[in-house]
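Undergrad: So that we are looking at the same thing, I have put the structure below in structure tokens.
The values are calculated or read from the model by the stated rules, or taken from the named source; none is laboratory data. What you are looking at is a predicted structure, and each value in this text was computed from that prediction instead of being measured. Cβ: placed from backbone, ideal geometry, glycine included. Neighbour counts: every protein chain shown.
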Amino acid sequence: MSSRVQVSVRVSAAPHRAFDVFTRDIALWWRPNSLFQFTPRGAGTLSFEGGVNGRLIETQTDGSVFEVGRVTVWEPGVRLAFGWTQASFSADQQTHVEVRFEAVGDETRVTVEHRGWDTVPQDHVARHHFPDGIFLRRHGEWWQVLLGSYGARMKHDGSLAASPPTA
């Protein structure tokens, strides 16, 4: 069985718009966390290269790029999946994120499942020596913060779309 985290948020948008803001605007809603950095260089700017085999990358202020993972599923308005690695991971330490977009009335339920943490040993720097339960709870709390920020971005994006043009 795979160690996993699963969190959800509902947003007032159609699934295609929710997907678009999740992928296009990730740099605007992503909130770095010092416990879960991709590299020891600190937080950079995240972006997706769209489509299957595209990448989720983190670009540092010096222009260097770290590949967080490859996109394995790109189904706008339905599902997004990508690998998730940190610079300190070995080749056999792979985690995977799946994001589902499900219409619920006039809203969309966005569910993030991050699995594969059982491939990363408890004593690994990325786990901070936390036992599985504590690590997964902390990681889940961070994903909740991220989805809260994403939800706020959705509201902001919606208000921009609904605003009349100014002269």
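Undergrad: Mind counting the residues in segment 72-100 that are within 15 Å of G50 (Cβ to Cβ) and buried (at least 18 other Cβ atoms within 10 Å of the Cβ)? Step through it out loud before you land on a result.
TA: Going residue by residue through segment 72-100, those that are within 15 Å of G50 (Cβ to Cβ) are 72-82, 99.
Okay, now just the ones that are also buried (at least 18 other Cβ atoms within 10 Å of the Cβ), so 74, 80-82, 99.
Within segment 72-100, residues that are within 15 Å of G50 (Cβ to Cβ) and buried (at least 18 other Cβ atoms within 10 Å of the Cβ) number 5.
Undergrad: If D157 passes every condition in (1) of a type in the set (D, E); (2) buried (at least 18 other Cβ atoms within 10 Å of the Cβ); (3) without any contact (Cβ under 8 Å) to a residue 24 or more places away in the chain but one, which one does it miss?
TA: Condition not satisfied by D157: (3).
Undergrad: Exactly one condition in (1) closer than 23 Å to R127 by Cβ; (2) buried (at least 18 other Cβ atoms within 10 Å of the Cβ); (3) of a type outside the set (A, V, I, L, M, F, W, C) is false for E113; which is it?
TA: (2)
Undergrad: Right, something else. Kindly provide the set of residues from segment 1-16 that are at pLDDT 95 or above, part of a strand (DSSP E or B) and of a type outside the set (K, R), ordered by number.
TA: Selection gives Q6, V7, S8, V9, V11.
Undergrad: For T61, all conditions in the list (1) closer than 22 Å to D118 by Cβ; (2) hydroxyl-bearing (S, T, Y); (3) surrounded by fewer than 14 Cβ atoms within 10 Å (Cβ to Cβ) hold save one; what is the number of the exception?
TA: (1)
Undergrad: Separate question: Restricting the search to segment 1-27, which residues are among the hydrophobic types (A, V, I, L, M, F, W, C) and either within 12 Å of the chain's Cα centre (by Cα) or crowded, with 19+ Cβ neighbours inside 10 Å (or both)?
TA: Passing the criteria: V5, V7, V9, V11, A13, A18, F19, V21, F22, I26, A27.
Undergrad: Suppose we keep only residues that are among the acidic types (D, E) and in contact with a Ser or Thr (Cβ under 6 Å, 6 or more places away or on another chain) within segment 93-136. Which one would you say is farthest from P15 (Cα to Cα)?
TA: So, considering only residues that are among the acidic types (D, E) and in contact with a Ser or Thr (Cβ under 6 Å, 6 or more places away or on another chain), the one farthest from P15 (Cα to Cα) is D132.
Undergrad: Search segment 122-135 for residues being under 17 Å from F38 (Cα atoms) and either surrounded by 15 or more Cβ atoms within 10 Å (Cβ to Cβ) or touching a Lys or Arg at 6+ places or on another chain (Cβ under 7 Å) (or both), and hand back the single one that is modelled with the lowest pLDDT.
TA: Among those residues, the one meeting the criterion is R127.
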